[in-house]
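The structure under discussion appears below in the form of C-alpha coordinates.
The values are calculated or read from the model by the stated rules, or taken from the named source; none is laboratory data. Everything numeric here is computed off the predicted structure, so don't read it as measured data. Cβ sites come from the backbone with ideal geometry, for glycine too, and all protein chains shown count toward neighbours. Side chains are part of the model used for accessible areas, which takes the heavy atoms of the whole protein and leaves out ligands, DNA and RNA. Shrake-Rupley method; radii C 1.70, N 1.55, O 1.52, S 1.80 Å.
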Amino acid sequence: MLKINGDLKERIAAAGQLHVLQYFDELDDAGQETLLSQLADIDWEALPELAEQYVLHRPETVIPEDLSPAEYYRLDDGDNFDLYSDADELGKELIASGKVCCLTVAGGQGTRLGFDAPKGTYPIGPVTDRSLFEYFAGSIRRLGKKYGVVIPWYIMTSPINRAATEKFFREKKFFGLAESDVFFFTQGTMPAFDLDGKLILSAKDSLALAPDGHGGTLLALRRSGALDKMVRDGSEYVSYFQVDNPLVDVISPRFAGLLALQKAEVGAIVLSKTGPFEKLGNFCVSNGRTQIIEYSDLPDVLAERRNDDGSLQFSAGSPAIHVFARSFIERLTAGNSLKLPWHRADKKIPFLNECGDTVTPDAPNGVKLESFIFDALPMAEKVVLLEGDRAKIFAPTKNISGVDSVESCRRMISERNASRLAAAGVIMPYNEDGVLDAVIEIDPALVADDEDAFEFAGEIGLCRILPGQKVVL
Ligand code: UTP
(Lines give C-alpha, C1' and ligand atoms only; values in the text may rest on other atoms or scores of the structure.)
Protein backbone atom coordinates (compact mmCIF):
# COMPACT_ATOMS: atom_id res chain seq x y z
CA MET A 1 0.00 0.00 0.00
CA LEU A 2 1.44 3.38 -1.06
CA LYS A 3 1.01 6.44 1.10
CA ILE A 4 -0.28 9.66 -0.27
CA ASN A 5 1.97 12.53 0.61
CA GLY A 6 0.23 14.81 3.16
CA ASP A 7 1.20 17.94 1.32
CA LEU A 8 -0.35 16.68 -1.95
CA LYS A 9 -3.52 15.73 -0.09
CA GLU A 10 -3.77 19.19 1.42
CA ARG A 11 -3.34 20.83 -1.98
CA ILE A 12 -6.05 18.60 -3.47
CA ALA A 13 -8.35 19.44 -0.56
CA ALA A 14 -7.67 23.17 -0.93
CA ALA A 15 -8.68 22.88 -4.58
CA GLY A 16 -11.97 21.27 -3.48
CA GLN A 17 -11.21 18.03 -5.35
CA LEU A 18 -10.74 15.43 -2.59
CA HIS A 19 -13.24 13.09 -4.27
CA VAL A 20 -10.46 12.00 -6.65
CA LEU A 21 -9.04 9.98 -3.74
CA GLN A 22 -12.37 8.30 -3.04
CA TYR A 23 -11.21 4.83 -4.16
CA PHE A 24 -7.52 5.22 -3.33
CA ASP A 25 -7.46 2.75 -0.44
CA GLU A 26 -9.16 0.06 -2.55
CA LEU A 27 -6.51 0.17 -5.26
CA ASP A 28 -3.58 -2.20 -5.59
CA ASP A 29 -0.05 -0.75 -5.69
CA ALA A 30 -0.04 -0.36 -9.47
CA GLY A 31 -3.40 1.44 -9.41
CA GLN A 32 -2.27 3.74 -6.63
CA GLU A 33 0.94 4.49 -8.48
CA THR A 34 -0.97 5.37 -11.66
CA LEU A 35 -3.31 7.73 -9.87
CA LEU A 36 -0.56 9.33 -7.80
CA SER A 37 1.54 10.08 -10.86
CA GLN A 38 -1.46 11.76 -12.51
CA LEU A 39 -2.22 13.79 -9.38
CA ALA A 40 1.39 14.88 -9.06
CA ASP A 41 1.25 16.44 -12.53
CA ILE A 42 -1.67 18.74 -11.77
CA ASP A 43 -1.29 22.40 -10.85
CA TRP A 44 -3.78 22.27 -7.96
CA GLU A 45 -3.34 25.93 -7.09
CA ALA A 46 -4.45 26.99 -10.59
CA LEU A 47 -7.40 24.59 -10.75
CA PRO A 48 -10.14 26.54 -8.89
CA GLU A 49 -9.60 29.58 -11.13
CA LEU A 50 -9.69 27.38 -14.25
CA ALA A 51 -12.94 25.76 -13.15
CA GLU A 52 -14.45 29.14 -12.31
CA GLN A 53 -13.41 30.81 -15.54
CA TYR A 54 -13.97 28.06 -18.10
CA VAL A 55 -16.37 25.52 -16.58
CA LEU A 56 -18.75 27.30 -14.25
CA HIS A 57 -18.82 30.25 -16.64
CA ARG A 58 -18.58 30.27 -20.42
CA PRO A 59 -15.84 32.63 -21.42
CA GLU A 60 -17.02 34.96 -24.15
CA THR A 61 -14.68 35.77 -26.98
CA VAL A 62 -14.15 39.48 -27.00
CA ILE A 63 -14.02 40.82 -30.54
CA PRO A 64 -11.67 43.82 -30.56
CA GLU A 65 -13.22 47.01 -31.93
CA ASP A 66 -10.34 47.59 -34.32
CA LEU A 67 -10.54 44.07 -35.82
CA SER A 68 -9.73 44.10 -39.51
CA PRO A 69 -9.05 41.41 -42.11
CA ALA A 70 -5.42 40.32 -42.41
CA GLU A 71 -3.47 41.08 -45.58
CA TYR A 72 -1.87 38.13 -47.31
CA TYR A 73 0.29 37.32 -50.29
CA ARG A 74 -2.01 36.16 -53.05
CA LEU A 75 -1.59 33.02 -55.08
CA ASP A 76 0.10 33.60 -58.43
CA ASP A 77 0.15 37.34 -57.87
CA GLY A 78 1.91 38.81 -60.93
CA ASP A 79 3.06 41.83 -58.92
CA ASN A 80 4.98 39.56 -56.61
CA PHE A 81 6.60 37.48 -59.30
CA ASP A 82 10.14 38.50 -58.31
CA LEU A 83 9.50 38.08 -54.61
CA TYR A 84 8.08 34.59 -55.17
CA SER A 85 11.02 33.60 -57.39
CA ASP A 86 13.44 34.76 -54.70
CA ALA A 87 11.42 32.92 -52.06
CA ASP A 88 11.42 29.73 -54.15
CA GLU A 89 15.15 29.91 -54.57
CA LEU A 90 15.90 30.68 -50.95
CA GLY A 91 13.44 28.00 -49.76
CA LYS A 92 15.20 25.37 -51.87
CA GLU A 93 18.58 26.48 -50.50
CA LEU A 94 17.28 26.26 -46.94
CA ILE A 95 16.00 22.74 -47.51
CA ALA A 96 19.21 21.64 -49.25
CA SER A 97 21.32 23.00 -46.44
CA GLY A 98 19.33 21.03 -43.86
CA LYS A 99 17.77 24.06 -42.21
CA VAL A 100 14.14 22.94 -42.44
CA CYS A 101 12.58 20.09 -40.46
CA CYS A 102 9.03 18.73 -40.43
CA LEU A 103 6.59 18.60 -37.56
CA THR A 104 3.34 16.62 -37.56
CA VAL A 105 0.83 17.04 -34.77
CA ALA A 106 -0.75 13.66 -34.23
CA GLY A 107 -1.85 13.74 -30.62
CA GLY A 108 -5.56 14.37 -31.21
CA GLN A 109 -8.21 11.79 -30.39
CA GLY A 110 -9.86 11.83 -33.80
CA THR A 111 -13.28 11.34 -32.22
CA ARG A 112 -15.21 12.44 -35.31
CA LEU A 113 -13.50 9.78 -37.41
CA GLY A 114 -14.43 7.14 -34.84
CA PHE A 115 -11.26 5.16 -35.53
CA ASP A 116 -9.72 3.38 -32.54
CA ALA A 117 -6.07 3.46 -33.57
CA PRO A 118 -3.98 6.65 -33.95
CA LYS A 119 -5.39 8.76 -36.78
CA GLY A 120 -2.10 8.73 -38.68
CA THR A 121 -2.46 4.98 -39.15
CA TYR A 122 -5.76 5.47 -41.01
CA PRO A 123 -5.72 3.74 -44.45
CA ILE A 124 -6.40 6.74 -46.67
CA GLY A 125 -4.80 5.68 -49.97
CA PRO A 126 -7.69 5.49 -52.48
CA VAL A 127 -6.41 2.26 -54.05
CA THR A 128 -3.71 0.79 -51.81
CA ASP A 129 -4.99 1.89 -48.40
CA ARG A 130 -1.61 3.40 -47.56
CA SER A 131 -1.79 5.24 -44.27
CA LEU A 132 -1.73 8.97 -43.58
CA PHE A 133 1.68 8.54 -41.94
CA GLU A 134 2.97 6.82 -45.08
CA TYR A 135 1.98 9.84 -47.18
CA PHE A 136 4.09 12.17 -45.06
CA ALA A 137 6.96 9.70 -44.69
CA GLY A 138 7.04 9.15 -48.46
CA SER A 139 7.10 12.87 -49.22
CA ILE A 140 9.81 13.49 -46.64
CA ARG A 141 11.89 10.67 -48.15
CA ARG A 142 11.36 12.06 -51.63
CA LEU A 143 12.35 15.62 -50.64
CA GLY A 144 15.39 14.29 -48.78
CA LYS A 145 16.50 12.48 -51.92
CA LYS A 146 15.75 15.39 -54.21
CA TYR A 147 17.69 17.90 -52.11
CA GLY A 148 20.39 15.44 -50.97
CA VAL A 149 19.75 16.02 -47.30
CA VAL A 150 18.32 14.42 -44.18
CA ILE A 151 15.02 16.02 -43.16
CA PRO A 152 14.31 15.35 -39.48
CA TRP A 153 10.68 14.59 -38.75
CA TYR A 154 9.12 15.42 -35.38
CA ILE A 155 5.85 13.71 -34.53
CA MET A 156 3.77 14.84 -31.59
CA THR A 157 1.68 12.13 -29.98
CA SER A 158 -0.33 12.10 -26.79
CA PRO A 159 0.29 9.78 -23.82
CA ILE A 160 -2.76 7.89 -25.10
CA ASN A 161 -1.49 7.10 -28.61
CA ARG A 162 2.31 7.27 -28.28
CA ALA A 163 2.94 3.53 -27.88
CA ALA A 164 0.55 2.55 -30.69
CA THR A 165 2.08 5.18 -32.99
CA GLU A 166 5.63 3.99 -32.41
CA LYS A 167 4.58 0.37 -32.81
CA PHE A 168 3.06 1.18 -36.19
CA PHE A 169 6.27 2.87 -37.35
CA ARG A 170 8.34 -0.13 -36.22
CA GLU A 171 6.01 -2.56 -38.00
CA LYS A 172 6.27 -0.47 -41.19
CA LYS A 173 10.05 -0.20 -40.77
CA PHE A 174 9.73 3.56 -40.56
CA PHE A 175 8.59 3.59 -44.21
CA GLY A 176 12.20 3.50 -45.32
CA LEU A 177 13.28 6.47 -43.22
CA ALA A 178 16.15 6.11 -40.75
CA GLU A 179 14.72 5.54 -37.28
CA SER A 180 17.11 8.16 -35.91
CA ASP A 181 15.56 10.81 -38.18
CA VAL A 182 12.09 10.39 -36.68
CA PHE A 183 11.63 11.96 -33.26
CA PHE A 184 8.45 11.16 -31.33
CA PHE A 185 7.49 13.40 -28.47
CA THR A 186 4.51 13.52 -26.18
CA GLN A 187 2.23 16.42 -25.44
CA GLY A 188 0.72 17.19 -22.07
CA THR A 189 -2.75 16.33 -20.84
CA MET A 190 -5.51 18.20 -19.05
CA PRO A 191 -8.01 16.65 -16.65
CA ALA A 192 -11.67 16.89 -17.67
CA PHE A 193 -14.23 18.58 -15.42
CA ASP A 194 -17.86 17.78 -14.81
CA LEU A 195 -20.30 20.65 -15.24
CA ASP A 196 -19.93 21.55 -11.53
CA GLY A 197 -16.19 22.05 -11.91
CA LYS A 198 -15.20 18.73 -10.27
CA LEU A 199 -12.54 16.58 -11.90
CA ILE A 200 -13.94 13.42 -13.49
CA LEU A 201 -12.57 9.98 -12.63
CA SER A 202 -12.73 7.66 -15.64
CA ALA A 203 -11.72 4.68 -13.51
CA LYS A 204 -10.96 4.16 -9.84
CA ASP A 205 -7.29 4.60 -10.58
CA SER A 206 -7.49 7.28 -13.24
CA LEU A 207 -8.66 10.80 -13.88
CA ALA A 208 -10.36 11.47 -17.20
CA LEU A 209 -7.36 12.97 -18.98
CA ALA A 210 -7.32 14.35 -22.50
CA PRO A 211 -4.54 15.77 -24.67
CA ASP A 212 -4.08 19.48 -23.99
CA GLY A 213 -4.69 20.61 -27.59
CA HIS A 214 -2.28 21.38 -30.43
CA GLY A 215 -1.31 24.50 -28.49
CA GLY A 216 0.59 22.05 -26.30
CA THR A 217 3.05 21.51 -29.16
CA LEU A 218 5.36 24.42 -28.43
CA LEU A 219 6.04 23.59 -24.81
CA ALA A 220 6.21 19.87 -25.55
CA LEU A 221 8.93 20.60 -28.13
CA ARG A 222 11.03 22.19 -25.41
CA ARG A 223 10.27 19.72 -22.64
CA SER A 224 10.93 16.67 -24.81
CA GLY A 225 14.37 17.81 -25.93
CA ALA A 226 13.13 18.24 -29.52
CA LEU A 227 14.24 21.89 -29.56
CA ASP A 228 17.72 20.86 -28.39
CA LYS A 229 17.87 18.31 -31.19
CA MET A 230 16.86 21.01 -33.69
CA VAL A 231 19.75 23.15 -32.46
CA ARG A 232 22.18 20.22 -32.80
CA ASP A 233 20.90 19.42 -36.29
CA GLY A 234 20.94 23.05 -37.45
CA SER A 235 17.16 23.06 -38.12
CA GLU A 236 16.17 26.72 -38.17
CA TYR A 237 12.66 26.43 -39.59
CA VAL A 238 9.90 24.05 -38.61
CA SER A 239 7.31 23.08 -41.21
CA TYR A 240 4.14 22.30 -39.23
CA PHE A 241 1.14 20.30 -40.47
CA GLN A 242 -1.73 18.23 -39.12
CA VAL A 243 -1.89 14.46 -39.32
CA ASP A 244 -5.18 14.42 -41.19
CA ASN A 245 -4.15 16.28 -44.37
CA PRO A 246 -2.27 14.00 -46.77
CA LEU A 247 -2.24 16.62 -49.53
CA VAL A 248 -0.06 19.03 -47.58
CA ASP A 249 3.38 19.96 -48.91
CA VAL A 250 5.45 18.60 -46.06
CA ILE A 251 7.75 21.51 -46.87
CA SER A 252 6.86 24.25 -49.32
CA PRO A 253 10.06 25.92 -50.55
CA ARG A 254 8.21 29.14 -51.37
CA PHE A 255 6.55 29.31 -47.97
CA ALA A 256 9.75 28.62 -46.00
CA GLY A 257 11.71 30.97 -48.26
CA LEU A 258 9.20 33.79 -47.87
CA LEU A 259 9.29 33.48 -44.09
CA ALA A 260 13.08 33.72 -44.14
CA LEU A 261 13.13 36.59 -46.64
CA GLN A 262 10.63 38.58 -44.61
CA LYS A 263 12.36 37.71 -41.34
CA ALA A 264 9.03 36.66 -39.90
CA GLU A 265 8.72 34.52 -36.79
CA VAL A 266 5.68 32.57 -37.99
CA GLY A 267 4.17 31.84 -41.37
CA ALA A 268 0.66 30.66 -42.06
CA ILE A 269 -0.95 29.39 -45.23
CA VAL A 270 -4.21 31.07 -46.14
CA LEU A 271 -7.10 29.60 -48.10
CA SER A 272 -9.61 31.87 -49.70
CA LYS A 273 -12.87 30.96 -47.95
CA THR A 274 -15.64 29.34 -50.01
CA GLY A 275 -18.31 31.32 -48.15
CA PRO A 276 -18.78 33.54 -45.10
CA PHE A 277 -19.40 30.63 -42.75
CA GLU A 278 -16.89 28.09 -43.95
CA LYS A 279 -15.53 26.27 -40.91
CA LEU A 280 -12.02 27.70 -41.04
CA GLY A 281 -10.41 30.06 -38.56
CA ASN A 282 -10.30 33.66 -39.84
CA PHE A 283 -7.02 35.57 -40.12
CA CYS A 284 -7.55 39.02 -38.64
CA VAL A 285 -5.49 41.88 -37.30
CA SER A 286 -6.00 43.83 -34.11
CA ASN A 287 -3.61 46.31 -32.56
CA GLY A 288 -1.07 45.51 -35.24
CA ARG A 289 -1.01 41.80 -34.34
CA THR A 290 -2.17 38.95 -36.53
CA GLN A 291 -4.63 36.60 -34.89
CA ILE A 292 -7.07 33.87 -35.80
CA ILE A 293 -10.69 34.13 -34.76
CA GLU A 294 -12.49 30.81 -34.87
CA TYR A 295 -15.37 30.54 -37.32
CA SER A 296 -17.78 30.03 -34.45
CA ASP A 297 -16.60 33.26 -32.78
CA LEU A 298 -16.63 35.66 -35.72
CA PRO A 299 -19.90 37.65 -35.55
CA ASP A 300 -22.14 37.04 -38.59
CA VAL A 301 -22.10 40.71 -39.50
CA LEU A 302 -18.31 40.60 -39.88
CA ALA A 303 -18.30 37.20 -41.58
CA GLU A 304 -20.74 38.50 -44.20
CA ARG A 305 -19.17 41.91 -44.72
CA ARG A 306 -18.21 42.42 -48.37
CA ASN A 307 -15.93 44.65 -50.41
CA ASP A 308 -17.31 46.81 -53.24
CA ASP A 309 -16.54 44.05 -55.74
CA GLY A 310 -18.66 41.59 -53.74
CA SER A 311 -15.75 39.61 -52.32
CA LEU A 312 -15.71 38.75 -48.62
CA GLN A 313 -13.70 41.09 -46.42
CA PHE A 314 -12.79 38.33 -44.01
CA SER A 315 -11.80 35.93 -46.75
CA ALA A 316 -8.61 34.47 -45.29
CA GLY A 317 -9.24 31.04 -43.79
CA SER A 318 -6.70 28.89 -41.97
CA PRO A 319 -5.93 25.27 -42.98
CA ALA A 320 -3.51 25.01 -40.02
CA ILE A 321 -0.33 24.87 -42.08
CA HIS A 322 2.54 26.86 -40.61
CA VAL A 323 6.24 27.46 -40.62
CA PHE A 324 7.81 28.50 -37.35
CA ALA A 325 11.23 30.02 -36.94
CA ARG A 326 12.88 27.84 -34.30
CA SER A 327 14.02 31.01 -32.53
CA PHE A 328 10.35 31.96 -32.04
CA ILE A 329 9.57 28.67 -30.29
CA GLU A 330 12.70 29.11 -28.17
CA ARG A 331 11.68 32.62 -27.22
CA LEU A 332 8.09 31.68 -26.35
CA THR A 333 9.01 28.69 -24.22
CA ALA A 334 12.06 30.18 -22.48
CA GLY A 335 11.64 29.52 -18.77
CA ASN A 336 9.95 26.22 -19.60
CA SER A 337 6.48 27.69 -19.56
CA LEU A 338 4.01 29.14 -22.01
CA LYS A 339 0.58 30.44 -21.21
CA LEU A 340 -1.91 30.15 -24.06
CA PRO A 341 -5.62 30.72 -23.45
CA TRP A 342 -7.81 27.67 -22.92
CA HIS A 343 -10.75 26.81 -25.15
CA ARG A 344 -13.70 24.95 -23.75
CA ALA A 345 -15.29 21.93 -25.44
CA ASP A 346 -18.33 20.20 -24.01
CA LYS A 347 -17.91 16.44 -24.52
CA LYS A 348 -19.28 13.05 -23.58
CA ILE A 349 -16.75 11.89 -21.03
CA PRO A 350 -16.81 8.37 -19.56
CA PHE A 351 -17.18 8.61 -15.79
CA LEU A 352 -17.58 6.42 -12.69
CA ASN A 353 -21.14 5.98 -11.47
CA GLU A 354 -22.18 5.52 -7.81
CA CYS A 355 -21.39 1.80 -8.02
CA GLY A 356 -17.87 2.55 -9.21
CA ASP A 357 -18.49 1.32 -12.78
CA THR A 358 -17.32 3.26 -15.82
CA VAL A 359 -20.23 4.62 -17.84
CA THR A 360 -20.21 6.42 -21.20
CA PRO A 361 -22.94 9.06 -21.26
CA ASP A 362 -25.26 9.75 -24.23
CA ALA A 363 -24.98 13.51 -23.92
CA PRO A 364 -22.14 15.88 -23.05
CA ASN A 365 -21.53 15.66 -19.30
CA GLY A 366 -18.28 17.50 -18.95
CA VAL A 367 -15.73 19.94 -20.22
CA LYS A 368 -12.36 19.43 -21.83
CA LEU A 369 -9.92 22.30 -22.05
CA GLU A 370 -7.57 22.64 -24.98
CA SER A 371 -5.10 25.26 -26.12
CA PHE A 372 -4.67 26.09 -29.81
CA ILE A 373 -1.43 26.66 -31.63
CA PHE A 374 -2.78 29.66 -33.49
CA ASP A 375 -3.04 31.59 -30.23
CA ALA A 376 0.73 31.94 -30.50
CA LEU A 377 0.38 34.09 -33.64
CA PRO A 378 -0.23 37.41 -31.83
CA MET A 379 2.94 36.75 -29.83
CA ALA A 380 5.04 36.92 -32.99
CA GLU A 381 6.80 40.15 -33.88
CA LYS A 382 6.10 39.43 -37.52
CA VAL A 383 3.78 36.97 -39.26
CA VAL A 384 3.75 36.25 -42.97
CA LEU A 385 0.60 34.94 -44.65
CA LEU A 386 0.72 33.21 -48.02
CA GLU A 387 -2.25 31.98 -49.99
CA GLY A 388 -2.25 28.31 -51.00
CA ASP A 389 -4.14 26.44 -53.70
CA ARG A 390 -6.83 24.51 -51.89
CA ALA A 391 -7.17 21.70 -54.44
CA LYS A 392 -3.47 21.05 -54.21
CA ILE A 393 -2.76 21.24 -50.51
CA PHE A 394 -5.81 20.73 -48.34
CA ALA A 395 -7.90 17.59 -47.87
CA PRO A 396 -8.66 17.26 -44.15
CA THR A 397 -9.90 13.89 -42.95
CA LYS A 398 -12.19 14.67 -40.06
CA ASN A 399 -15.24 12.46 -40.72
CA ILE A 400 -15.98 9.20 -42.50
CA SER A 401 -18.22 10.74 -45.14
CA GLY A 402 -19.52 14.14 -46.22
CA VAL A 403 -17.55 17.36 -45.82
CA ASP A 404 -13.87 17.01 -44.80
CA SER A 405 -14.05 13.27 -44.83
CA VAL A 406 -12.26 10.09 -45.85
CA GLU A 407 -14.47 10.11 -48.93
CA SER A 408 -13.66 13.69 -49.96
CA CYS A 409 -9.98 13.26 -49.12
CA ARG A 410 -9.61 10.13 -51.29
CA ARG A 411 -11.33 11.90 -54.16
CA MET A 412 -9.05 14.91 -53.81
CA ILE A 413 -5.95 12.70 -53.79
CA SER A 414 -7.08 11.19 -57.11
CA GLU A 415 -7.97 14.57 -58.54
CA ARG A 416 -4.66 16.16 -57.64
CA ASN A 417 -2.80 13.22 -59.14
CA ALA A 418 -4.91 13.53 -62.29
CA SER A 419 -4.29 17.24 -62.68
CA ARG A 420 -0.55 16.78 -62.12
CA LEU A 421 -0.41 14.03 -64.74
CA ALA A 422 -2.60 16.01 -67.13
CA ALA A 423 -0.15 18.92 -66.82
CA ALA A 424 2.54 16.44 -67.89
CA GLY A 425 0.55 15.62 -71.02
CA VAL A 426 -1.17 12.41 -69.88
CA ILE A 427 -4.73 12.11 -71.25
CA MET A 428 -7.23 11.87 -68.41
CA PRO A 429 -10.74 10.43 -68.41
CA TYR A 430 -12.83 13.45 -67.38
CA ASN A 431 -16.52 13.11 -68.19
CA GLU A 432 -18.53 15.92 -69.79
CA ASP A 433 -19.18 17.49 -66.37
CA GLY A 434 -15.45 17.69 -65.77
CA VAL A 435 -15.58 14.89 -63.20
CA LEU A 436 -12.66 12.48 -63.10
CA ASP A 437 -13.66 8.92 -64.01
CA ALA A 438 -10.70 7.07 -62.49
CA VAL A 439 -9.00 6.46 -59.16
CA ILE A 440 -5.33 7.34 -59.24
CA GLU A 441 -2.78 6.80 -56.53
CA ILE A 442 0.88 7.76 -56.86
CA ASP A 443 3.57 6.67 -54.42
CA PRO A 444 4.44 9.82 -52.42
CA ALA A 445 8.02 8.57 -52.18
CA LEU A 446 8.25 9.02 -55.97
CA VAL A 447 6.31 12.23 -56.49
CA ALA A 448 6.27 15.03 -53.93
CA ASP A 449 5.37 18.01 -56.13
CA ASP A 450 4.27 19.14 -59.61
CA GLU A 451 7.82 19.12 -60.91
CA ASP A 452 8.32 15.51 -59.81
CA ALA A 453 5.02 14.49 -61.41
CA PHE A 454 6.10 15.95 -64.72
CA GLU A 455 9.39 14.07 -64.75
CA PHE A 456 7.84 10.89 -63.46
CA ALA A 457 5.13 10.74 -66.15
CA GLY A 458 7.86 11.16 -68.78
CA GLU A 459 10.10 8.51 -67.25
CA ILE A 460 7.42 5.83 -67.16
CA GLY A 461 6.11 6.83 -70.58
CA LEU A 462 2.52 7.20 -69.38
CA CYS A 463 0.20 8.43 -72.16
CA ARG A 464 -3.35 7.99 -70.93
CA ILE A 465 -5.57 6.71 -68.14
CA LEU A 466 -8.71 4.91 -69.26
CA PRO A 467 -12.25 5.61 -67.98
CA GLY A 468 -13.05 3.63 -64.84
CA GLN A 469 -9.43 2.65 -64.30
CA LYS A 470 -7.94 2.21 -60.83
CA VAL A 471 -4.28 2.99 -61.12
CA VAL A 472 -1.36 2.69 -58.72
CA LEU A 473 1.86 4.34 -59.87
P1 UTP B 1 -8.58 18.31 -34.51
O2 UTP B 1 -8.94 19.59 -33.91
O3 UTP B 1 -9.15 17.97 -35.82
O4 UTP B 1 -8.87 17.17 -33.45
O5 UTP B 1 -7.00 18.25 -34.58
P6 UTP B 1 -8.81 15.60 -33.59
O7 UTP B 1 -8.53 15.11 -32.22
O8 UTP B 1 -7.86 15.12 -34.65
O9 UTP B 1 -10.24 15.19 -34.06
P10 UTP B 1 -11.66 15.30 -33.30
O11 UTP B 1 -11.92 16.78 -33.13
O12 UTP B 1 -11.54 14.59 -31.98
O13 UTP B 1 -12.59 14.63 -34.25
C14 UTP B 1 -6.26 18.90 -35.56
C15 UTP B 1 -4.85 18.37 -35.51
O16 UTP B 1 -4.26 18.66 -34.25
C17 UTP B 1 -3.80 17.47 -33.64
C18 UTP B 1 -4.60 16.36 -34.29
O19 UTP B 1 -3.93 15.12 -34.16
C20 UTP B 1 -4.72 16.86 -35.71
O21 UTP B 1 -3.54 16.62 -36.42
N22 UTP B 1 -4.02 17.56 -32.19
C23 UTP B 1 -5.24 17.93 -31.71
C24 UTP B 1 -2.99 17.23 -31.36
O25 UTP B 1 -1.89 16.87 -31.80
N26 UTP B 1 -3.22 17.29 -30.01
C27 UTP B 1 -4.39 17.67 -29.49
O28 UTP B 1 -4.52 17.72 -28.26
C29 UTP B 1 -5.44 18.00 -30.37
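Here are some notes:
- The chain: antiparallel DSSP beta bridges as a percent of all, rounded to 5: 55
- Within region 112-236, DSSP assigns beta bridges of which about 60% are antiparallel (rounded to the nearest 5).
- Gyration tensor (Cα) of region 137-188, equivalent ellipsoid semi-axes in angstrom: 22, 12, 7
- Rounded to whole Å, sorted largest first: equivalent-ellipsoid semi-axes of region 1-138, Cα gyration tensor: 47, 27, 17
- Overall Cα dimensions of region 220-290 - principal axes, largest extent first, Å: 45, 32, 26
- Table column - 3J(HN,Hα) (Hz), region 350-356, Karplus curve with 6.51, -1.76, 1.60, x for Gly and Pro: x, 9, 8, 7, 4, 7, x
- Accessible area of the chain belonging to carbon and sulfur atoms, whole % at 1.4 Å probe: 48
- Cα-Cα pairs of region 83-144 separated by more than 17 Å (percent): 57
- Estimated FRET transfer efficiency when R0 is 51 angstrom, pair residue 407-residue 13 (beta carbons, to 0.05): 0.50
- Semi-axes of the equivalent ellipsoid for the chain, computed as √(5λ) from the eigenvalues of its C-alpha gyration tensor and ordered from largest down, come to 40, 26, 23 Å.
- Exposure rank, largest accessible area first [404, 375, 79, 228; 1.4 Å]: 79, 228, 404, 375
- Cα-derived Rg to Rh of region 392-464, Kirkwood definition: 1.00
- Counting only Cβ charges, +1 for Lys and Arg and -1 for Asp and Glu, the dipole size of the chain around its Cα centre is about 900 debye.
- Cα-based reach from residue 3 at 19 Å (exclusive), listing aspartates and glutamates while leaving out same-chain residues under 8 positions away: 25, 26, 28, 29, 33, 41, 205
- Residues of the chain: accessible area per residue with a 1.4 Å probe, Å²: 46
- GluC sites (Glu not before Pro) restricted to region 25-79 and DSSP loop, no more than 13 other C-beta within 10 Å: 45, 60, 65, 71
- Dipole magnitude of region 143-277, debye to nearest 20 (Cβ charges: Lys/Arg +1, Asp/Glu -1, about Cα centre): 320
- Quarter of the Cα convex hull surface for region 264-333, i.e. its orientation-mean projected area (nm²): 5.7
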